[in-house]
Amino acid sequence: MNLHYLVQEPKVKHDKNPLLLLLHGYGSNEEDLFSFAPELPDDSYVISVRAPYDLQPYGHAWYAIHFDADENKFSDNVQAKQSVEIIASFIDEIVKKYPIDTENVTLIGFSQGAILSYATALTYPEKISKVVALSGYFNQEILPEVIDTKAISHLKFFVSHGSVDQVIPVDWARKAKPALENLGLEVEYQEYPIGHGVSPKNFYDFKNWLQR
């Protein structure tokens, strides 16, 4: 496999089971979101992936974040696009390895993982059915230049953000809903009175959304 990962197999097995693919944020690792796994739907494979770039002294990233002399922060969009390709090929590998329903693959991303979940779904819509984007934003610069609205029309999005997020401003997150709706997509958007994290209410809301 091209990425290290943790897996929780479904408690309820069918011929083919849904996949929930967890993508962590900058500086974290595959164990972070995997703490959700016991609470996620019993019929799904839950796979949590470690991002490909190692940070010092610990943690991992999907792409580098740089600061200039004035402390402006900017993302390495070339690396981000490469990570979209890495995630897409990981999905191809994982659906060969496990009996996964390729029509029912959900990306659950936090922060950097959410940013890449948007991009992966819109670049490879044939591989994805749903996206849960937690505390991220919609980065137009890592999307395909031309998006085939027919090819993406089945995608559904749950988007959430903390209203006092000090890492990614909530104003950035709010742009995702209109951007996705302009592409003709179905979006549920929620805000919670928290910082850069996932509150219990946020977790149960997206879990209920998945089960619906």
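When you scan the range 134-173, how many residues do you find that are crowded, with 20+ Cβ neighbours inside 10 Å and in a helix (DSSP H, G or I)?
Going through the range 134-173 one residue at a time, the tally reaches 2.
Look at SER48 and say whether it is of a type in the set (S, T, N, Q), open to solvent by 30 Å² or more (accessible area, probe 1.4 Å) and free of Cβ contacts under 8 Å to residues at least 60 places away in the same chain.
no
So LEU143 ticks every box in (1) closer than 20 Å to LEU183 by Cβ; (2) of a type in the set (A, V, I, L, M, F, W, C); (3) within 13 Å of the chain's Cα centre (by Cα) but one. Which box is left unticked?
Among (1) closer than 20 Å to LEU183 by Cβ; (2) of a type in the set (A, V, I, L, M, F, W, C); (3) within 13 Å of the chain's Cα centre (by Cα), the lone unmet condition for LEU143 is (3).
Would you be able to say whether some residue in the range 102-112 is open to solvent by 40 Å² or more (accessible area, probe 1.4 Å), out of contact with any His (no Cβ under 7 Å at 6 or more places or on another chain) and either in a helix (DSSP H, G or I) or more than 18 Å from TYR45 (Cβ to Cβ) (or both)?
no
Please go through the range 174-189 and give me each residue that is assigned to a loop (DSSP other than H, G, I, E, B) and surrounded by 19 or more Cβ atoms within 10 Å (Cβ to Cβ), ordered by number. First the steps, then the outcome.
Looking only at the range 174-189, we keep the residues that are assigned to a loop (DSSP other than H, G, I, E, B), and these are 175, 183-185.
Hit for the range 174-189 is LEU185, nothing else.
Can you name the condition, by its number, that ALA37 falls short on among (1) free of Cβ contacts under 8 Å to residues at least 60 places away in the same chain; (2) surrounded by fewer than 16 Cβ atoms within 10 Å (Cβ to Cβ); (3) farther than 27 Å from VAL146 by Cα; (4) not charged (D, E, K, R)?
(2)
Would you confirm, using the coordinates I've provided, whether THR149 is over 13 Å from the mean Cα position of the chain (by Cα) and over 16 Å from TYR26 (Cβ atoms)? Lay out the reasoning, then the answer.
Working: over 13 Å from the mean Cα position of the chain (by Cα): yes; over 16 Å from TYR26 (Cβ atoms): yes.
Taking the combined requirement at face value, the residue satisfies it.
The values are calculated or read from the model by the stated rules, or taken from the named source; none is laboratory data. Nothing here was measured: the structure is a model prediction, and the numbers come from that model. Positions of Cβ are backbone-derived with ideal geometry, glycine not excepted, and every protein chain shown enters the neighbour counts. Quick note on the areas: whole protein, heavy atoms, side chains included, nothing else; ligands and nucleic acids left out. Shrake-Rupley method; radii C 1.70, N 1.55, O 1.52, S 1.80 Å.
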